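Novice: A single structure is presented below for examination.
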Amino acid sequence: MLSQSIRGNSKNDTAISNLDLVPLHYSIMLVLTLSMTPILFLFDIDGTLTQSVSTYHQVITNAMQQLGISNIDTDYDNYKHHTDSYALAYNYKRHFGKEASLSLRDQLDDLLAQEMKNHPPVYEISGAQSFLNHLKEQQLPVAFGTGAFPKATAIKMKDAQLPYEPSVLATSKTSITREGFVQQAINQAKKHYGIEQFERIISFGDGLWDLYIAQNLGLEFVGVGQAKEKALKQAGCGHWIPNYNGFTYSQFV
């Protein structure tokens, strides 16, 4: 068994400690100090909880084409903001030479949902359902922040059979930047759980953009998935897991 102690980007100096990894099962023990107020577990969705990145890239491309936008820049990973609202604004202006109205976000939301239904169902990242159910059973605060729009997100979560509360889901429909909807997810979680302030927030994400936002906001961060493992570690990701198999929140101490 490999044991290690890691430090995240939280203002809390203790960060994540006593982390045990079992190579075959990636079993992880998170041990917290008694004095801490509840921890918030904050999740990105595409690539972090659902195997949906490539599918969703095609979905948003098709949806924007239905809005009359052609010559779409499909290099989504290199966008200034990795969000649906930015993809709409950026490509609309490239094509029409003017700003997209906010009402177009409602149209895109509907089109994205329709397009999702035209594709095969997406699946969970291995172990994600079990881990979310475990957090729910332990009555631990959870929130979700995604660069996608809400209606398509609901379909993905349903397809993957992942439990979530819409009241703690924030999307890019209300924020063109990822930092905006991540902060919104945190605020919604405070209201939902009746907690004035979380002592620690542990953010899970698969992309460099997720890591950078966590660093900017002082959140602890866990990288997920093999697609960007090397890039995440090179950018300062202190902890990474390939999936959620055996990933359990062990206890409050």
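Novice: Going down the list LYS136/LYS191; LYS80/LYS228; LYS93/LYS117, which pairs span over 21 Å between their C-alpha atoms?
Specialist: From LYS136/LYS191; LYS80/LYS228; LYS93/LYS117, over 21 Å: LYS93/LYS117.
Novice: Among the GluC sites (Glu not before Pro) in region 116-215, which ones are in a DSSP loop with at most 15 other Cβ atoms within 10 Å of the Cβ? Mind listing them?
Specialist: Passing both the DSSP loop test and the Cβ count: GLU196.
Novice: Measure of size requested: the Rg and Dmax of region 170-253, with Cα atoms as the atom set and Å as the unit; please supply both.
Specialist: Both quantities, over Cα of region 170-253: 13.9, 39 Å.
Novice: Percent of Cα-Cα pairs per 5 Å bin, from 0 to the last occupied bin, for region 53-117, please list those.
Specialist: 4, 18, 33, 29, 13, 2, 0
Novice: Out of HIS95, GLN107, THR55, whose Cα points farthest toward the positive end of the dipole of region 53-117 (charges: +1 Lys, Arg; -1 Asp, Glu; placed on Cβ)?
Specialist: Result: HIS95.
Novice: Under a crude label model (7 Å from the Cα following the beta-carbon direction), how far is ASN133 from GLN114 in nanometres?
Specialist: 3.6 nm
Novice: With just the Cα atoms defining each centre, how far is region 56-110 from region 136-156? Give it in Å.
Specialist: Centre-to-centre distance over Cα atoms comes out at 23 Å.
Novice: Now for a separate question. Taking region 40-195 on its own, what percent of its Cα-Cα pair distances exceed 20 Å?
Specialist: Every Cα pair in region 40-195 considered, those over 20 Å come to 48 percent.
Novice: Which of ILE176, GLN139, PHE204 sits farthest toward the positive end of the charge dipole of region 74-219, with +1 on the Cβ of Lys and Arg and -1 on the Cβ of Asp and Glu?
Specialist: Result: ILE176.
No lab work stands behind these numbers, since they all come straight from the coordinates. In this text, all values refer to a predicted model and were calculated from it rather than measured experimentally. Using ideal geometry, Cβ is built from the backbone for each residue, glycine included, and neighbour counts are taken over all protein chains shown.
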